[in-house]
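Derivation of every value follows stated rules applied to the coordinates shown; laboratory data play no part. Fair warning: this is a prediction, and the values are worked out from it, not measured in the lab. Reconstructed Cβ throughout: ideal geometry from the backbone, glycine too, with neighbour counts over all protein chains shown.
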Amino acid sequence: MDPFVDVLRRLREAFRSGRTRAAEFRIAQLKGLDRFLQDNKQLLQEALAKDLHKSSFESEISEIRITQGEINLAVRNLRAWMKDEKVPKNVATQLDSAFIRKEPFGVVLIIAPWNYPLNLTLVPLVGALAAGNCVVLKPSEISTSVEKVLAEVLPRYLDQSCFAVALGGPEVTGQLLEQRFDYIFFTGSPRVGKIVMTAAAKHLTPVTLELGGKNPCYVDDDCDLQTVANRVVWFRCFNAGQTCVAPDYILCSREMQDRLVPAMQRAITRFYGDDPKSSPDLGRIIADKQFQRLQGLLGCGRVAIGGQSDETERYIAPTVLVDVQETEPVMQEEIFGPILPIMNVQGPDEAVDFIRRREKPLALYAFSNNRQVVKRVLAGTSSGGFCGNDGFMHMTLATLPFGGVGASGMGRYHGKFSFDTFSHHRACLLRPPGLEKIYAMRYPPYTRRNLRVLQMAMETRGCSCTLL
Ligand code: NAD
């Protein structure tokens, strides 16, 4: 017997009862989630420290606060988001009421990764609850301490007839994916994203795929050297580099590289001291498998900074690699650790060319004192998100959508985008029952005159309807 059949039946019954549709119910769930974060802050910070050696500073800003910000935004705006959205009409529909109704999909599945095990599990959950869905949450089995808190403590704060946590790795997720869900929201690797999408296709279930990839970071010759070095180092080393939007490699001229490497060394020493291993602010690699993969990457190119590692602690030093070949693994796979290779290009046009020859990344960065250079990189490329002259700050703004494009994913969330992602946008037209004389001109026998009148009547401001 499949272990999830009963869980799904329970959630479907709860959804059918209609109680998740009321704004009061949704707000109560969101407030429950907020209380969970408040009441268990210390427990969560300890779990994050255990899993990733995450400092309380990084836990606070990148896991807890960001989730609370999303909850507050949803609670404050929920009633406005839920309102039917009136749309412009044409002459033919002047007497009708035309609107988009946001409906919950039903029972949704959220599958999360381990690198921000709270944020990437709970921020999608905010959207799913706000939109009035029942939810099965599948946290990562690799961030074991956070997974335990989510499984044991979180359900106490939510309506258990509408919410369930599924525990386990690929095998369990495979079983889950055999079930029919109404929406699947997946965050993780492109490899598993394909597995999820294939499984979803069997049930025609819509998906959001938040995936990874290699994020380029162009550094122009004309830039404030130390500022750029500080920013790049911080964003690469935040969470020990295990961040999907971290700059994955630098593109700059050979001359800039010669100046940037010492500046990055100064930034590393300033942030983490002479011995980064003893810094309380530098995270550790999540597990042995991931550590061994990263250790292998240290052999690529030539080590310009760092290069040390310690298996007993799963420590990788902040590392910069130069003289790297494009064909080496460090330039072929997503790094997901505190290692930063530098590739040489002659100026922004060559950088754009380099980027365009590869898959569209999740994030793209360009540093220059010259606004035109930043704009040229923006205009010449495509990516999920873009930030000029800083690291992943674009994803901290809930009014901007967050998501990938092409190989880095599909769909978007954060703020209202999350609510919209987890809502079906139902096209509604309510017509008064009478006035048959007016509407009768659509019926046969067709005449040229009626066709002309209908064509005019169906013009909508700025767009024309093509269907009768
Ligand atoms: P992953 O794809 O290995 O795992 C993600 C989830 O899928 C986990 O819950 C895991 O249990 C499940 N899973 C693993 N193998 C599976 C299988 N064979 N069948 C079904 N389910 C399976 O990813 P990860 O290692 O946890 O996270 C790292 C990846 O996630 C990186 O590629 C990173 O870029 C990406 N990521 C993307 C974002 C984003 O917002 N776009 C955020 C964080 C991480």
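Odds and ends about this structure:
- Residue among M410, T173, T243 farthest towards the positive dipole end of the chain, charges placed on Cβ: M410
- By other beta-carbon atoms within 10 Å, ranking E147, E24, E359 with the fewest at the front produces E24, E359, E147.
- Modelled label positions at Y439 and R452, each set 7 Å beyond Cα in the direction of Cβ, lie 2.6 nm from each other.
- Neighbour counts of C-beta atoms inside 10 Å place F57, F36, F271, F181 in the sequence F57, F271, F36, F181, starting with the fewest.
- The lysines whose alpha-carbon is closer than 24 Å to the alpha-carbon of K138, local same-chain residues fewer than 8 away aside, are K31, K41, K50, K54, K148, K194, K202, K289, K416.
- Net charge of Cβ neighbours under 15 Å - reference G409; Lys, Arg +1; Asp, Glu -1: +2
- The C-alpha atoms of the chain define a longest principal axis, and helix 448-457 lies at about 50 degrees to it.
- Kirkwood radius for region 57-205, taken over all pairs of different Cα atoms as the inverse mean of 1/r, rounds to 17.0 Å.
- Projected onto its three principal axes, the C-alpha set of region 216-403 covers 46, 37, 32 Å, listed from the longest axis down.
- Taking other Cβ atoms within 10 Å as a rough exposure proxy, D288, D248, D390 sort from fewest to most as D288, D390, D248.
- Taking every DSSP helix (H) stretch of at least 4 residues in the chain, weighting each as -39,500 (n - 2.57) and dividing the sum by the residue count yields a mean residue ellipticity at 222 nm of -12500 deg cm²/dmol.
- Residue among S59, C223, A363 farthest towards the positive dipole end of the chain, charges placed on Cβ: A363
- Relative to the Cα centre, the charge distribution of region 216-403, modelled as +1 at Lys and Arg Cβ and -1 at Asp and Glu Cβ, gives a dipole magnitude of about 360 debye.
- The charge dipole of the chain, taken about its Cα centre with unit charges on the Cβ of Lys, Arg, Asp and Glu (plus for the first two, minus for the last two), comes to roughly 2580 debye.
- A crude spin-label estimate for the pair L43 and D6, with each label 7 Å from Cα along the Cβ direction, gives 2.4 nm.
- Tail beyond 43 Å, pair distance distribution of the chain (Cα, percent): 24 percent
- Crossing angle, helix 119-130 versus the chain [Cα axis fit, 0-90 degrees, rounded to tens]: 10 degrees
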